[in-house]
2 protein chains.
Amino acid sequence: MKDLSRLCVHTITTRPWPLARAVEAFADASIGGMTVWRDAVPEEGPQQAGERIRAAGLEVVSYCRGGFFPHTDAQKRQAAIDDNLAALDEAAALGAPLLVLVCGAAPGQSLERSRQQIRAGIEAILPRAQALGVRLAIEPLHPMYADTRSAINTLRQANEMAEAIKSPYLGVAVDVYHLWWDPELEHQIARCGENAHLFAFHVCDWRVPTRDLLNDRGLMGEGCINIRQIRKWVEDAGFDGFHEVEIFSMHYWNMDQAIFLKQIVQAYKEHV
Amino acid sequence: MKDLSRLCVHTITTRPWPLARAVEAFADASIGGMTVWRDAVPEEGPQQAGERIRAAGLEVVSYCRGGFFPHTDAQKRQAAIDDNLAALDEAAALGAPLLVLVCGAAPGQSLERSRQQIRAGIEAILPRAQALGVRLAIEPLHPMYADTRSAINTLRQANEMAEAIKSPYLGVAVDVYHLWWDPELEHQIARCGENAHLFAFHVCDWRVPTRDLLNDRGLMGEGCINIRQIRKWVEDAGFDGFHEVEIFSMHYWNMDQAIFLKQIVQAYKEHV
């Protein structure tokens with residue numbers, strides 16, 4: 001039987017469950033890790049949540065998500081930086097070693113300008129990240145999110161920014177959903193390896209057809225992504241961390257989450 | 001007042017109108033050209049349709065669309081080639097100087113394999129294109145269509161294929177909707193210019209938010225694409241052809257097409 005110690009599930013994947021229920025279910029399924037989304041942190045706060053997760057035998061893999069730095073308005077850019085500093089404090093309290101950045105984009109300005117603001121935002125929060133021992137991962141997003149979610153849409157761009165800023169606390173996250181189509185993917189994953197900055201690996205699948213731009217991700221194996229191929233590239237680049245299942249799906253959120261979790265484990269065994 | 005002699009509208013943009021109605025309306029609006037979609041060719045056939053368009057004072061700009069070469073099944077690949085040969089004959093009868101290729105993708109195989117089949121398909125139809133005097137344009141499609149519509153998702157890929165096959169009858173089509181997000185776009189458009197193979201320029205806009213993956217394109221100016229910037233790059237590359245308005249939109253198809261056409265003309269004047 002395939003070992004599940006490197007399987008990690010994002011809280012948003014089983015969004016209908018409160019954190020405590022997800023912790024219990026993931027642990028019962030022998031899943032190794034959990035990535036916590038900000039909206040899943042219960043009232044008890046991140047420190048208690050972290051203790052709860054570890055007490056169940058799960059590892060806190062990362063905290064999702066910071067970013068959204070670009071704004072046409074300077075005050076909003078400062079507010080975004082402040083919010084990212086708060087997210088770093090929460091990540092540290094949770095015991096998460098990594099904060100994932102969905103970098104943002106502002107439709108009222110060029111993508112170049114948004115990228116300058118992303119760089120400035122990352123540079124502004126990097127000292128706090130280092131002081132707290134929490135690393136940052138730039139997650140390139142699919143080009144269909146270039147309007148409002150991210151001006152960084154290829155792994156090449158994420159690599160270039162990480163290399164330009166250059167810190168052991170800054171790397172990239174590879175999500176097969178965003179990057180599978182890119183003819184440069186193998187090469188750019190290898191480039192992450194050379195720079196030792198591949199910090200996270202997210203899996204799901206691209207449904208054919210995809211019925212919604214945001215919330216119709218597929219379970220591994222039900223779409224057209226060659227996940228095993230990408231996993232091999234990632235491992236050839238030296239990555240030995242968790243395989244994180246991150247699925248936003250109205251379809252799956254509407255079903256019994258216990259049954260869905262069983263399907264996730266099965267799909268992981270067969271397709272990752 | 002801005003000259004409309006280089007404005008072209010695709011029949012699919014005003015899809016509810018039969019060809020004869022569209023011809024009359026475009027001519028009344030002093031629009032210079034029309035791109036004819038295959039499903040818009042009336043029973044009278046492509047030759048009569050072409051004569052009708054020219055008699056109204058409009059130029060036939062291109063014929064949409066060929067392509068869809070990749071299939072896991074060899075018989076289907078041959079059927080696709082045969083269908084493209086028929087499309088070339090129709091384009092010639094219509095008097096269209098260009099057939100636009102939406103190249104296709106087959107989810108059961110790798111994108112690399114699909115690209116090999118696209119190349120084989122183009123090479124199979126190129127002699128007929130040349131004999132008929134109809135040029136072919138590879139249209140790179142947005143990465144969100146990499147599952148079933150095109151394994152060619154960036155202008156770099158289209159340029160590479162056009163340069164590899166190399167024929168005065170093969171070039172590329174630049175559509176702002178598919179390419180606006182690409183950080184390499186300016187450079188790749190200039191590269192088209194060096195090879196004199198930029199054959200078509202399509203405009204519309206990317207709505208924020210976009211509500212549907214296929215049929216929610218925006219009118220120029222209502223989204224986040226800097227169309228004027230891309231137009232400048234295209235013209236700097238030596239392109240002096242039509243600006244083709246290609247909008248798939250349930251929203252606009254559901255409204256009075258005469259009012260919509262007035263909005264198209266206005267949006268063209270203000271934003272292209």
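Derivation of every value follows stated rules applied to the coordinates shown; laboratory data play no part. Note that the structure is a prediction, hence the values are computed from the model and not measured. We place every Cβ from the backbone using ideal geometry, glycine too, and count neighbours over all the protein chains shown.
See the values below:
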quantity: Strands (runs of 3 or more DSSP E) wholly inside the stretch B:1-114 that include at least 1 residues being more than 21 Å from B:R128 (Cβ to Cβ) and of a type in the set (A, V, I, L, M); calculated: B:7-10, B:33-37
quantity: Matching option when the condition is of a type in the set (A, V, I, L, M), closer than 20 Å to B:R38 by Cα and without any contact (Cβ under 8 Å) to a residue 40 or more places away in the chain, among B:L99, B:L94, B:L88; calculated: B:L99
quantity: Looking only at the stretch A:111-125, and only at residues there that are surrounded by fewer than 22 Cβ atoms within 10 Å (Cβ to Cβ) and in contact with a helix residue (DSSP H, G or I) (Cβ under 7 Å, 6 or more places away or on another chain), the one that is farthest from B:E186 (Cα to Cα); calculated: A:A124
quantity: Members of the stretch B:132-149 found to be touching a helix residue (DSSP H, G or I) at 6+ places or on another chain (Cβ under 8 Å) and assigned to a strand (DSSP E or B), listed by number; calculated: B:R135, B:L136, B:I138
quantity: Hits in the stretch B:112-126 (condition: of a type outside the set (S, T, N, Q) and either closer than 19 Å to B:E163 by Cβ or away from chain A (no Cβ under 14 Å) (or both)); calculated: B:E112, B:R115, B:I118, B:R119, B:A120, B:G121, B:I122, B:E123, B:A124, B:I125, B:L126
quantity: Close pairs from the stretch A:117-146: first in contact (Cβ under 8 Å) with a residue 40 or more places away in the chain, partner basic (K, R) and outside any helix (DSSP H, G or I), Cβ under 9 Å, at least 6 apart; calculated: A:A129/A:R135; A:E139/A:R65
quantity: Condition met for B:A129 (buried (at least 18 other Cβ atoms within 10 Å of the Cβ), part of a helix (DSSP H, G or I), more than 10 Å from every other protein chain (Cβ to nearest Cβ) and within 19 Å of the chain's Cα centre (by Cα)); calculated: yes
quantity: Tally, over the stretch B:89-110, of residues that are in contact with a helix residue (DSSP H, G or I) (Cβ under 7 Å, 6 or more places away or on another chain), farther than 12 Å from B:I122 by Cα, more than 14 Å from chain A (Cβ to nearest Cβ) and among the aliphatic types (A, V, I, L, M); calculated: 3
